[in-house]
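First the structure, in the form of structure tokens, and then the observations on it.
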Amino acid sequence: MSHFATPFVVVNLGCEMIYVVDQRLKAQNIATDKSERVLTDIMTVLLHPKLLDELFIPQPVATHDIIKQLIQDISNTSIMKLDDYSMAKLWDLMTMIFKWQLSVATDQNIFDITRRHLKNVAFLMPHYFLKTIIEQAMRRFEILAQRFTDNDYKSLSNTLILWFSEYHTKISVLIRLGLQKKDGMFNLPSTIDTKILQNLGENIYIYDKKKSAAEDYGNHCSDTIEINCLLGTNSTLADHKTADTENVIYLPIDFGTAATKKTLSITRNITQFEKLYTNVKVKNTDLTFIPEIPKSTQESLLDMLDELDNP
């Protein structure tokens with residue numbers, strides 16, 4: 001089992017969240033200043049060095065509940081407030097689209113997809129957003145990629161595929177684009193538009209030719225998870241307070257490896273990123289680092305798969 005899967009799950013899902021939120025803010029004609037603030041706040045926290053330091057510590061992949069709560073906490077640091085229904089829709093969209101990317105990635109590895117995610121969210125950010133934030137995050141993954149062996153790649157891929165294996169939701173945008181069948185199964189790579197297939201990790205909504213997104217903005221949502229249902233009437237853009245105390249975020253972190261839950265103090269002031277030096281935070285130089293904790297059922301299953309592949 002790979003002990004570096006957690007940053008890939010969090011960062012890639014976070015970038016998919018940015019795609020969805022950006023699409024919904026534009027579709028609902030939210031004022032530009034508020035939209036830019038939402039994207040800036042989310043990305044500032046998602047790629048904050050303190051959070052990335054915790055994510056890049058070698059450790060068993062975090063559970064679904066922990067990752068989901070972390071993503072929700074990150075989204076809540078912005079002025080956008082999602083109700084439980086909208087958050088559930090957002091989670092289904094993020095997990096299934098990223099799962100689809102992993103399932104059809106034939107000649108691209110997870111580093112390629114992650115790099116493309118980060119590059120494409122940069123295009124959605126306002127002009128004043130410091131690109132250094134994204135560049136530093138990309139550098140972390142690049143350093144890790146340089147140290148990975150073929151076995152490390154294989155272990156990471158198996159870990160991610162297993163982690164997403166429990167998600168089977170039908171997604172309207174995937175069905176419209178011919179990427180998913182109506183029974184929920186993904187279409188084979190050979191049947192998919194090569195342009196989409198060769199650019200896994202980019203904003204998938206740029207390929208959606210649906211002319212009038214407003215046609216589904218009513219109170220009725222389709223049986224599939226439709227992007228138009230994301231921001232409902234109970235989701236609001238709250239007035240942002242500018243007091244200094246409101247610019248500090250306390251993000252609880254609990255990946256199940258510590259006796260007590262950590263709390264990270266993160267500031268929204270993005271100018272702090274200008275003088276930061278980014279590196280990969282690890283406890284040693286061994287990529288096969290295994291913490292001394294009992295193995296989970298998921299880890300045991302992965303070990304069994306590795307033994308079958310390498311008798």
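Residue pairs whose Cβ atoms lie under 8 Å apart, separated by 6 or more positions or on different chains, with the first residue in the range 175-191 and among the polar types (S, T, N, Q) and the second in a loop (DSSP other than H, G, I, E, B), are Gln180/Lys170; Gln180/Asn187; Asn187/Gly178; Asn187/Leu179; Asn187/Lys181; Thr191/Gly178. Each residue in the range 131-174 was checked for being of a type in the set (A, V, I, L, M) and either under 12 Å from Phe4 (Cα atoms) or free of Cβ contacts under 8 Å to residues at least 12 places away in the same chain (or both), and 4 of them qualify.
Here is a yes/no grid of residues against (1) surrounded by fewer than 17 Cβ atoms within 10 Å (Cβ to Cβ); (2) under 26 Å from Thr63 (Cβ atoms):
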position	(1), (2)
Ser86	no, yes
Lys89	no, yes
Trp100	no, yes
Asn109	yes, yes
Ile134	no, no
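Highlighted here are the helices (runs of 4 or more DSSP H) found entirely within the range 73-159 that include at least 3 residues which are small (Gly, Ala, Ser): 84-104. Looking only at the range 139-185, residues that are at pLDDT 95 or above, in contact with a helix residue (DSSP H, G or I) (Cβ under 7 Å, 6 or more places away or on another chain) and of a type in the set (D, E, K, R) come to 1 in all.
Residues in the range 26-56 that are modelled with pLDDT under 90 and of a type in the set (A, V, I, L, M, F, W, C) were compared, and the one that is surrounded by the fewest Cβ atoms within 10 Å (Cβ to Cβ) is Ala31.
In this structure, does Asp65 turn out to be in contact (Cβ under 8 Å) with a residue 12 or more places away in the chain, more than 16 Å from Val45 (Cα to Cα) and surrounded by fewer than 21 Cβ atoms within 10 Å (Cβ to Cβ)? No; evaluated as a whole, the condition is false for this residue.
Only a single item in (1) out of contact with any strand residue (DSSP E or B) (no Cβ under 9 Å at 6 or more places or on another chain); (2) farther than 30 Å from Ser190 by Cβ; (3) surrounded by fewer than 19 Cβ atoms within 10 Å (Cβ to Cβ) is not met by Ile71, and it is number (3). Every test in (1) aromatic (Phe, Trp, Tyr); (2) surrounded by 18 or more Cβ atoms within 10 Å (Cβ to Cβ); (3) under 27 Å from Val173 (Cα atoms) is passed by Phe141 save one, and that test is (3).
Is the range 21-37 home to any residue that is assigned to a loop (DSSP other than H, G, I, E, B) and in contact (Cβ under 8 Å) with a residue 60 or more places away in the chain? Checked the range 21-37: at least one residue is assigned to a loop (DSSP other than H, G, I, E, B) and in contact (Cβ under 8 Å) with a residue 60 or more places away in the chain.
The values are calculated or read from the model by the stated rules, or taken from the named source; none is laboratory data. Just so we're clear, the structure is a prediction, and the values are computed from it rather than from any experiment. Cβ sites come from the backbone with ideal geometry, for glycine too, and all protein chains shown count toward neighbours.
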